[in-house]
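Report on the structure given below.
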Amino acid sequence: MTTSRMQDNIILQVQNVSKRFGGLLAVSEVTFDLPKGQILGLIGPNGAGKTTLFNVINGVYTPTEGQITFRGTDISGWKPYDVVGLGLARTHQIVRPLNDLTVLENVMAGACYGHESHSLTEAEVIALEVMEFVGLHERRNLLAASLNVAQKKRLEMARALASRPYLLLLDEVLAGLNPTEIAEMVEVVLKIREQGVSIFIIEHVMHALMNVSDRIIVLDYGQLIAEGTPDEIVDNPKVIEAYLGDPALAEKLMSGS
Amino acid sequence: MEQLFASLADGLLIGFVYGLAAMGLTLIFGVMDVINLGHGPIIALGMFGVFFFAGSTGWGLNPYLALVIVAVLGLIFGMIMYFVAVHRVLNAPHLSSLLSTFSVNMMIIGVGTALFTTSPRNLEFSLGSLQLGPVNLLGTRVMAALIAVLVTAVLYVFLYRTQPGKAIRAVANNRDAAELMGIPSTKMLALSFGLGTMLAAIAGGLIATFFSFNILAGGVYELKSFVIVVLGGLGNPTGALIGGLILGAMEGVVPTFMPVSWVPVIEFVLFVVILLVRPTGLLGGR
Amino acid sequence: MKSWKYPALWLTVGVVLAGGLIPVITGSKIMRESMFLILMAVTMASSLNILLGYAGYVSFGHIVFFGLGGYVGFYLIAEQGWNLIPAALAGGLASGVLALLLGIALLRLRGAYFALATIGINEAMRTFINNFNLFGGPIGMELNFIVYQDYGGAANMQWLTYWLMFGVTIIAVLMSYGVKFSRFGLGLMSIREDEDAAMAMGIHTPKVKTMAYILSAILPGIIGVIFFFRNSSVQPAGAFRLHRSIEMIVMVMLGGQGTVQGPLVGAALYEALRSYLLTSPLFKDLQLAIAGVLLLLIILFVPSGVIGWLRHRFKGLWRVLE
Ligand SMILES: Nc1ncnc2c1ncn2[C@@H]1O[C@H](COP(=O)(O)OP(=O)(O)OP(=O)(O)O)[C@@H](O)[C@H]1O
Ligand SMILES: [Mg+2]
């Protein structure tokens, strides 16, 4: 493969990626690029394959087909821990706090084993800084289990950030939050980008996504049906059609514009 | 060659009983994800039950009639055990149910040893023998195999044709969904646990008709049940029966090639290897 | 990790030192024998705790490392004329290597499947040793008493092995503490809480788990050698008793899994209870049944064990109880 100047600027390249579960093609021949420093939004109806695409990118699943290139390295089929080592972190749609550990320990674990591997002492410094950043600082000595949903989402975010990633995958970090919490979280996302971290974000909360994304791609039944700026996406008839099956979502989409 | 046939036939007959015992273990696992480490002592209780009701020092009933009583007691015992030791830890980590069922194991062995000591018992009982061509089969073993098949058939009819059986399968599939459909899941779980221990007790009772035993004897069959269950796929009753036959056949045939003391080595190595390469069992799909 | 965490360490080591020195100070042989068993139990339980309590993997056949290590060391002493100390180290090494090989293979399994596999390994090993003529098959091996001459006679040997056990126990407790408050320990506990999340956080789970398995196997291997050397004989049934594995788990649960002091407290309580039951005429025969009732009560009502319960109940004690 020839490395052009264009490709130097691309942090994540997904080429022709498919993932099959038995008879179900959850992700089907998806191709797109994520340029460095950008926020790329990913939308699509429930069950469209968004989370599965994340899982294939970070190595939870091996792609049935296709190639994933991250920072110039082919990572298709790598294990999640190796992918993290290269500087790619993620949050989970269904939060996965380490319940019996404190918030601080959760975030420290992220720092210890992340892209830069740190000693406990260094990890604590990073963890404190990151918790300050996402607003969990006061709760650092509580058990993760005792947090509420919004705080658990922040914890996911803090843990991922503590690994000092180049690229952050955010899976519905706004879902289930109230408007104030959403506004705060959007602030955090934008601040992360300011630090030079590229972001790939799945979101159903449309107006928020419209505001933060540089570009948006749309999945439906595993296929990439549209790609463009937020304004282009809102006006794309294919996207509106895809959401018609789900009136609530369609409404959200409309009110977002 | 004839010797080989005879050992194979003998092994297969006992294999049916092994399969029955393993089915008890796998039924419980399939329904509630619990590995019953009290399985062995319950098999031993089945042996002592038949000994008590049919032995010359006990009531002196016909052993097969005694087996019916043992089955009922086994069912009741399991349901009580479910409420005492299992129900509360069903949603706890795996270790909890492993240990709580093992605590019942310790109680049975402890009390059993105190009551019966560990000296071997023998049910003096014979049904003569059956000559099939060159092969001579003990009547009690043929009978045991037949009963094992019969019990399996009844179990299947129960699980697939009756209301409570269907309810149990619904609970096994998805406890919450079953509960929403109005199935009393706790009762069904208790019932399936009871059925599992009942199968273990029956298997023990059948074994008592042809082998001597003591209170610790169940342990061997418990370990065999693990091997079988893994052969057939955890949670799969048909697999358990077939696994039982495979194990029985192996135990029949292997000693004609190498010292009999190597049989358990092969069994346990096979067990671990299958767990590693095909944790869903030899027959398991998925 | 932080200075305020040290009181727990000093307390733990202090208790082991004090307990271990009682027989030395009093010179009582009876006390020495029971303390030997307690120290052994503490080492076994603390080792198991690294896998069970920190990493959350239930090993039902952990006694296999005690048995195999014991066998290897005993063979080297009895048949090859090795000295106890290098033989004990060799026993630990053998167990560590076994754990490495098993870890690579078995630790892919999770939950009940792993627990079952460890039972299978224990039984496979026991039945194999039963057939393994080099190690004496079903009869096992015996030590000629003359060997004890090299250690200043049988009486002296018993004090020597006591001191060795004492030393190993202190190592076990330090290791238990060191692992818990290390980067490695944090990785283990992340795996215990959510293995998939741990992987997504960058923890190389196969490597970390295998390391934990090895660490939890070495000391049991070493004390296996000390134990069987002291006993002057070894047999398959005694070396691989599945029951002993479960007793180890009970000790860890009783004291509090995942804590440093839990296995210490659990092992001491369990051994004390057992020796009381064994010597009381009323309970002698029911010893096992009573232990079973106790186990059930712990699981149902105090699943976090003594230390876990105390920590939960008295938050002020967090600094001293770990
Ligand atoms: N491990 C799996 N095995 C089998 N099928 C799966 C698995 N994971 C996901 N699926 C299926 O793949 C499809 C896509 O699921 P996915 O979770 O990726 O959707 P999604 O776009 O993230 O939806 P949502 O908006 O609800 O989060 C669904 O039909 C789902 O049932
Ligand atoms: Mg999703």
Subject >> Hits in region A:93-104 (condition: crowded, with 24+ Cβ neighbours inside 10 Å and at the interface with chain C (Cβ under 8 Å from one of its Cβ atoms)) >> reply: A:Leu98
**OP:** Go over the candidates B:Ala71, B:Ala22, B:Ala114 one by one and state the one that is surrounded by 24 or more Cβ atoms within 10 Å (Cβ to Cβ) and of a type in the set (A, V, I, L, M, F, W, C).
**Re:** B:Ala22
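Here are some residues: C:Ser190, C:Ser176, C:Ser233. Which one is in contact (Cβ under 8 Å) with a residue 24 or more places away in the chain, buried (at least 24 other Cβ atoms within 10 Å of the Cβ) and hydroxyl-bearing (Ser, Thr, Tyr)? Let's see the steps before the verdict.
On the way: C:Ser190 fails: in contact (Cβ under 8 Å) with a residue 24 or more places away in the chain; C:Ser233 fails: buried (at least 24 other Cβ atoms within 10 Å of the Cβ).
The match here is C:Ser176.
Is it true that some residue in region B:90-109 is assigned to a helix (DSSP H, G or I) and under 15 Å from B:Leu199 (Cβ atoms)? Lay out the reasoning, then the answer.
From region B:90-109, those assigned to a helix (DSSP H, G or I) are B:94-109; that's our starting set.
Checking the rest, the ones that are also under 15 Å from B:Leu199 (Cβ atoms) come to none.
Within region B:90-109 (the criterion being assigned to a helix (DSSP H, G or I) and under 15 Å from B:Leu199 (Cβ atoms)), the answer is no, since none of the residues qualifies.
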Original post:
How many of the residues in region C:226-252 are farther than 30 Å from C:Gly305 by Cα, touching a helix residue (DSSP H, G or I) at 6+ places or on another chain (Cβ under 8 Å) and not charged (D, E, K, R)?
Top reply: 7
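Please go through region B:256-281 and pick out each residue that is away from chain C (no Cβ under 13 Å) and in contact with a helix residue (DSSP H, G or I) (Cβ under 7 Å, 6 or more places away or on another chain).
First pass over region B:256-281, keeping only residues away from chain C (no Cβ under 13 Å): B:256-257.
Matches in region B:256-281: B:Thr256 only.
Of everything in region A:22-51, what is within 14 Å of another protein chain (Cβ to nearest Cβ) and away from ligand 2 (no atom under 14 Å from the Cβ)? Give them in sequence order.
A:Gly22, A:Gly23
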**OP:** Just one of (1) within 13 Å of ligand 1 (Cβ to nearest atom); (2) surrounded by fewer than 22 Cβ atoms within 10 Å (Cβ to Cβ) trips up A:Asp82, so point out which.
**Re:** (1)
**OP:** Only residues in region A:174-186 that are crowded, with 17+ Cβ neighbours inside 10 Å count as the first member; pair them with residues that are among the acidic types (Asp, Glu), Cβ under 7 angstrom, at least 6 apart or cross-chain, and list the lot.
**Re:** A:Leu174/A:Glu203
**OP:** Would you mind telling me which numbered condition in (1) in contact with a Phe, Trp or Tyr (Cβ under 8 Å, 6 or more places away or on another chain); (2) over 22 Å from B:Leu99 (Cα atoms); (3) within 14 Å of chain B (Cβ to nearest Cβ); (4) buried (at least 18 other Cβ atoms within 10 Å of the Cβ) C:Asn131 fails?
**Re:** (4)
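What is the residue count in region B:204-221 for residues that are within 24 Å of C:Ala117 (Cβ to Cβ) and crowded, with 24+ Cβ neighbours inside 10 Å?
Just the residues of region B:204-221 that are within 24 Å of C:Ala117 (Cβ to Cβ), to begin with: B:216, B:218-221.
Of the ones still in play, those that are also crowded, with 24+ Cβ neighbours inside 10 Å are B:218, B:221.
Final tally of qualifying residues: 2.
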**OP:** Name every residue in region A:52-76 that is within 14 Å of chain C (Cβ to nearest Cβ), surrounded by 20 or more Cβ atoms within 10 Å (Cβ to Cβ) and within 16 Å of ligand 2 (Cβ to nearest atom), in order of residue number.
**Re:** A:Phe54, A:Asn55, A:Val56, A:Ile57, A:Asn58
Original post:
Hey, does region B:233-246 have a residue that's hydrophobic (A, V, I, L, M, F, W, C), under 21 Å from C:Arg126 (Cα atoms) and either within 12 Å of chain C (Cβ to nearest Cβ) or surrounded by 21 or more Cβ atoms within 10 Å (Cβ to Cβ) (or both)?
Top reply: no
**OP:** For C:His312, state whether it is within 26 Å of C:Leu107 (Cα to Cα) and surrounded by fewer than 19 Cβ atoms within 10 Å (Cβ to Cβ).
**Re:** no
Subject >> Residue ranges of strands (runs of 3 or more DSSP E) in region A:1-74 with at least 1 members of a type in the set (D, E, K, R) and in contact with a helix residue (DSSP H, G or I) (Cβ under 6 Å, 6 or more places away or on another chain) >> reply: A:10-21
Original post:
So which helices (runs of 4 or more DSSP H) are wholly in region C:201-286 and hold at least 3 residues that are hydrophobic (A, V, I, L, M, F, W, C) and modelled with pLDDT under 95?
Top reply: C:242-255, C:262-279
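Could you grab me the full set of residues in region B:117-168 that are of a type in the set (Gly, Ala, Ser), crowded, with 17+ Cβ neighbours inside 10 Å and within 30 Å of B:Gly182 (Cβ to Cβ)?
Taking region B:117-168 first, the residues of a type in the set (Gly, Ala, Ser) are B:119, B:126, B:128-129, B:133, B:139, B:144-145, B:148, B:153, B:165, B:167.
This time we only want the ones that are crowded, with 17+ Cβ neighbours inside 10 Å, so: B:144-145, B:148, B:165, B:167.
The answer is B:Gly165, B:Ala167.
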Subject >> Condition broken by A:Lys79, with the remaining ones in (1) under 16 Å from A:Val173 (Cα atoms); (2) away from ligand 2 (no atom under 16 Å from the Cβ); (3) facing chain C (nearest Cβ under 8 Å) satisfied >> reply: (1)
Original post:
Using beta carbons and a limit of 7 Å, which pairs, at least six apart or on different chains, have the first residue in region C:5-19 and among the polar types (S, T, N, Q) and the second one part of a helix (DSSP H, G or I)?
Top reply: C:Thr12/C:Val173; C:Thr12/C:Tyr177; C:Thr12/C:Leu264
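Could you tell me whether region B:115-125 includes any residue that is assigned to a helix (DSSP H, G or I), at pLDDT below 95 and on the phi < 0 side of the Ramachandran plot? Before you say what the answer is, go through the steps one by one.
The initial filter retains those residues of region B:115-125 that are assigned to a helix (DSSP H, G or I), namely B:115-116.
Imposing the further condition that a residue be at pLDDT below 95 reduces the set to B:115-116.
Next, from what is left, pick out any that are on the phi < 0 side of the Ramachandran plot: B:115-116.
Taking every residue of region B:115-125 in turn, at least one turns out to be assigned to a helix (DSSP H, G or I), at pLDDT below 95 and on the phi < 0 side of the Ramachandran plot.
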Original post:
Which numbered condition trips up B:Ala153, out of (1) under 30 Å from C:Ala115 (Cβ atoms); (2) assigned to a helix (DSSP H, G or I)?
Top reply: (1)
Original post:
Taking B:Thr101 and the conditions (1) under 16 Å from C:Leu300 (Cα atoms); (2) surrounded by fewer than 18 Cβ atoms within 10 Å (Cβ to Cβ), which numbered condition does it fall short on, given that it satisfies the others?
Top reply: (2)
**OP:** For A:Ser146, work out the one condition from (1) more than 14 Å from every other protein chain (Cβ to nearest Cβ); (2) away from ligand 2 (no atom under 16 Å from the Cβ) it doesn't fulfil.
**Re:** (1)
Subject >> Test result for A:Gly47, surrounded by fewer than 23 Cβ atoms within 10 Å (Cβ to Cβ), within 9 Å of ligand 1 (Cβ to nearest atom) and farther than 19 Å from A:Ile233 by Cα >> reply: yes
Original post:
When you go through (1) touching a helix residue (DSSP H, G or I) at 6+ places or on another chain (Cβ under 8 Å); (2) under 18 Å from A:Gln195 (Cβ atoms); (3) acidic (Asp, Glu) one by one for A:Glu122, which number turns out not to apply?
Top reply: (2)
Original post:
Residues in region B:159-174 that are over 18 Å from B:Thr26 (Cβ atoms) and either aromatic (Phe, Trp, Tyr) or out of contact with any helix residue (DSSP H, G or I) (no Cβ under 7 Å at 6 or more places or on another chain) (or both): how many?
Top reply: 5
Original post:
Looking at (1) within 30 Å of A:His118 (Cα to Cα); (2) more than 14 Å from every other protein chain (Cβ to nearest Cβ), which is the one condition that is false for C:Gly91?
Top reply: (1)
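The values are calculated or read from the model by the stated rules, or taken from the named source; none is laboratory data. All of these numbers come straight from a predicted model, not from anything done at the bench. No Cβ is skipped: glycine too gets one built from the backbone with ideal geometry, and neighbour counts run over all protein chains shown.
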